[in-house]
Each structure stands twice: as structure tokens, then as C-alpha cells.
1. Would you tally the residues in region 53-77 being among the hydrophobic types (A, V, I, L, M, F, W, C) and in contact with a Ser or Thr (Cβ under 9 Å, 6 or more places away or on another chain)?
2. Among the numbered criteria (1) hydroxyl-bearing (S, T, Y); (2) surrounded by fewer than 17 Cβ atoms within 10 Å (Cβ to Cβ); (3) not in a loop (DSSP other than H, G, I, E, B), which one does T51 miss?
3. Which condition from (1) modelled with pLDDT of 95 or more; (2) under 27 Å from I25 (Cα atoms); (3) among the aliphatic types (A, V, I, L, M) is the one that I48 breaks?
4. List every residue pair whose Cβ atoms lie under 8 Å apart, where the two residues are 6 or more positions apart in sequence or sit on different chains, the first residue falls within region 74-101 and is without any contact (Cβ under 8 Å) to a residue 24 or more places away in the chain, and the second residue, located anywhere, is of a type in the set (F, W, Y) and part of a helix (DSSP H, G or I).
5. So, K33, is that one modelled with pLDDT under 90 and over 14 Å from the mean Cα position of the chain (by Cα) or not?
6. Taking region 77-109, which residues are surrounded by fewer than 20 Cβ atoms within 10 Å (Cβ to Cβ), of a type in the set (A, V, I, L, M, F, W, C) and modelled with pLDDT under 95?
7. Given the options A66, A22, name the one that is surrounded by 13 or more Cβ atoms within 10 Å (Cβ to Cβ), of a type in the set (A, V, I, L, M), closer than 30 Å to K115 by Cα and modelled with pLDDT of 90 or more.
8. Of a type outside the set (S, T, Y) and at positive phi - does that describe any residue in region 49-69?
Amino acid sequence: MVLAGEMDTNGLLLGTPFYDKAMDIASQAKLSKYSRGWNYRIQELQNITDTRTRPLRELKPEFFDALYFLGQDKPLDAYKEGLLVLKGLKKVYKMLPNSKPLQTFFKSHHKELAKLFRGHNAELQQLITLDSKHRETYRAVME
């Protein structure tokens with residue numbers, strides 16, 4: 001079931017139907033005679049679909065658009081998309097600074113974020129605040 005306002009500006013459903021189906025499967029499996037391990041899967045789904053981490057799901061199209069623009073040698077377009085990504089990251093950080101989904105995003109994409117904001121010291125400094133584990137990666141691209 002898709003709720004009103006569930007679609008983002010690109011018309012995507014943010015994966016919600018797939019997460020709903022996964023939750024149905026996990027809930028049924030938890031009640032079966034093969035119930036071991038399903039509590040963990042349900043917890044992971046709840047982490048992913050939590051309204052407080054929703055901005056992570058919402059920012060991914062902009063993040064990958066920014067990377068595309070970088071690859072096409074369009075740094076201004078990449079930077080504009082990157083600012084939207086940074087806004088979403090700050091939103092999640094404000095609500096859940098140590099959440100697993102946010103930390104996983106930073107662990108997976110800190111190098112791309114550094115490339116995206118190379119030479120934009122104000123944004124890199126914000127990333128250092130949000131993601132101190134990878135501060136050396138961000139400092140390396142500061143001018």
C-alpha cells in the first residue's frame with residue numbers, strides 16, 4: 001500500500017512496495033517452524049523504512065544523479081545535486097546521528113562525497129561534522 005505523498009519528485013516509490021512485501025514475508029516466516037533469524041531481518045526492515053531515516057531513501061536519486069554529472073564532466077550540475085544530498089544527510093543526522101543506515105551510507109559513499117565536494121571547503125567541513133570517521137578523506141580534497 002502506498003501512502004499519500006509517498007512518491008518523490010522523480011515519481012519513484014522509494015522502494016516501498018518491495019519493503020512492504022519483504023515485511024510480509026518476514027512476518028510470516030517468523031511465525032513458521034523456521035523462525036530463527038527473522039527477528040533480525042524485521043529489525044533491519046524497520047530501520048530502513050523508519051520515517052526518521054526516510055531522507056536517506058529520498059536523497060539517493062539526487063546522489064546518483066550527482067555522480068552521473070561528475071562522470072559527464074559537469075561539475076556545477078553535480079555540485080547542485082550534491083547540495084540536495086547534503087541537505088538530506090543533515091536532516092537524518094539531526095534526528096538519528098548514529099543510526100546504522102546513515103553510518104552505512106557514509107561508509108559506502110564517503111569517497112564519492114569527497115569527489116563531489118572537492119574544493120568546496122564549507123560543504124566538506126559539514127561532512128566532517130556529520131561523518132567524523134572519514135574526516136581524513138574529506139580533508140584530503142580541501143583547498
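The values are calculated or read from the model by the stated rules, or taken from the named source; none is laboratory data. Since this is a predicted model, take the numbers as computed values, not measurements. Positions of Cβ are backbone-derived with ideal geometry, glycine not excepted, and every protein chain shown enters the neighbour counts.
1. 1
2. Here T51 clears every test but (3).
3. (1)
4. P75/F69; D77/F69; E81/F63; E81/F69
5. Answer is yes for this residue.
6. M95, L96
7. Only one candidate qualifies: A66.
8. Step one: filter region 49-69 for residues of a type outside the set (S, T, Y), giving 50, 52, 54-67, 69.
Next cut, at positive phi only: none.
Looking through region 49-69, none of the residues is of a type outside the set (S, T, Y) and at positive phi.
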